[in-house]
Structure formats: structure tokens, C-alpha cells
Amino acid sequence: MTTASNTSDHLSWLPITRTYPTPAEFWAQADRPEPMLELLERALDAAQCSVFVARQVRHFAVRCAQTVCSFYAKKTPCAFLKTAKRFLAGTATMDQVHRSWVRSHGITTPAGAVGMAHRCVNAAAVIACAHTVNPDPFAGARWAAHFAATAHVWNRVKVPKEYRDRVVVFDLHQACELLGTNYQVDPNLYSATEHQVRREIEAAQAEELRCVIPNPFGEVTWARLGVVTDGD
């Protein structure tokens, strides 16, 4: 076990504590996919994980999106999933993935600008599906998981219209900035219920990520990943 020193390194994805687990322990214990994906991306940059990992990360995005594609009536989101699956199977090129990603903007832009503001389940679902063809596999996986979780939360927790503007629904720190929306915290029954449901969904997603990518860290230390700690 090591303790963090004063460092400018970005450690927001680690637990808020002075004592950190090893990378392998962190991977095994994490209950949210976002910090796991950040750890994987750091490891890939540090050349500690095979480039095969990036492909499996996209596979994880596809699995997340598949859980919500039925929430959207039209066939367009399924086309994104099909392209992503074909790419993973080696029957589609990265150029085709890029073209599919560009086409996705035609439906994700209104979904984000209008549908998300009204808590439309299908809007969150279509954005999750579109991110399976995000050229950046790590960004795609983070957002596919996030918007898939959002779709599930909205599908399970029905908030009366008069409360909707006061319920916090985004846990991912970039989400409000991305959508240009400021949400005010209102500690009521709905926000508490949504938070609990989201944590359950994210815990299931974390397990799914561990199934797709078994613990890749072994004896890898934080120092080898470029994280400065007192124990290094």
C-alpha cells in the first residue's frame, strides 16, 4: 500500500483517501466503469497494456449500448451498433467507423439539445449507441456507459414534470459542461432514488468491464503508470 504525495498528477479517478490500493486491487474493487477506463487509458499510454485492450474497450461500449437500444424505436442506433460489431469482427474498416460517427451527429445533436433536457429515455439511449462508433474507444466507452446508465435510470425512476428541473441526473463530471446545462442540487426523494439506481447500474457495468477485460495489471505499480506516491 502506498500513500499519495503532493503532485500535480491528475488523480481524480482514485478513491478520495490518502491510502491507495495497487492498480490490480483497484481494478478488482472498483464499482464504477469511469475510473477503471481512466486507469486502462493511462496504462495504455504507459505501454503497460497491449493495444488489444483498446479493442476490448470498444467491445465494452457495445455491450453497454446493447442494454438500451430497445428504448429507441427507430433503426438508426442499431446501425451504429452493427458498424461497431463489424469493426470488432474485422469486417469493417476504421474509415467506415469514422463515417458512421459523422452520420451520428445528425441525431445525437438534437437528442442532446432537446431530448436530454426533457429526460427522454430514447435520447440517452441513442447517444449511448452512437458512442460505440466514437473513433476514440476510451471516450466512446465512457460515454456509452454513462448515457446507457442515464437511460436505465430514467426508464426506472419516473419523476413528475414539476420536479424534473431540480433533480440531479449527471454524475460524470464533464456531462453538465458538455450539454451546457446547469443543474441545481435538490436533495429530494427523486434525486436520492436516481443516485441509488445509477450506482447499481454502474456497479453492474464495472462487473461487465471486468468480464470483458480480466485484471490486466498483475504486478504493475503506480510508479510504472506514472503516478507519483510516497511509497515510490
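The values are calculated or read from the model by the stated rules, or taken from the named source; none is laboratory data. Treat the numbers as computed from the prediction; the structure is a model and nothing was measured. Please note: Cβ atoms are built from the backbone with ideal geometry, for glycine as well, and neighbour counts cover all protein chains shown. Side chains are part of the model used for accessible areas, which takes the heavy atoms of the whole protein and leaves out ligands, DNA and RNA. Shrake-Rupley method; radii C 1.70, N 1.55, O 1.52, S 1.80 Å.
Before moving on, here are some points about what is shown:
- Answer residue from region 62-77, given it is within 19 Å of the chain's Cα centre (by Cα) and not polar (S, T, N, Q) and is most open to solvent (accessible area, probe 1.4 Å) among those: Arg63
- Flag for Pro160 being at pLDDT below 95 and open to solvent by 60 Å² or more (accessible area, probe 1.4 Å): no
- Of all residues making up region 121-142, the number that are without any contact (Cβ under 8 Å) to a residue 24 or more places away in the chain and surrounded by fewer than 24 Cβ atoms within 10 Å (Cβ to Cβ): 2
- Sub-8 Å Cβ pairs linking a first residue in region 82-98 that is assigned to a helix (DSSP H, G or I) to a second residue that is aliphatic (A, V, I, L, M) and loosely packed, with under 13 Cβ neighbours inside 10 Å, at least 6 apart or interchain, are Phe87/Met94, ordered by first then second residue.
- Some residue of region 35-44 being closer than 14 Å to Val133 by Cα, open to solvent by less than 50 Å² (accessible area, probe 1.4 Å) and not basic (Lys, Arg): no
- A residue that is touching a Phe, Trp or Tyr at 6+ places or on another chain (Cβ under 6 Å), open to solvent by less than 40 Å² (accessible area, probe 1.4 Å) and modelled with pLDDT of 90 or more occurs nowhere in region 186-206.
- Residue match in region 109-119 (condition: open to solvent by 30 Å² or more (accessible area, probe 1.4 Å) and within 15 Å of the chain's Cα centre (by Cα)): no
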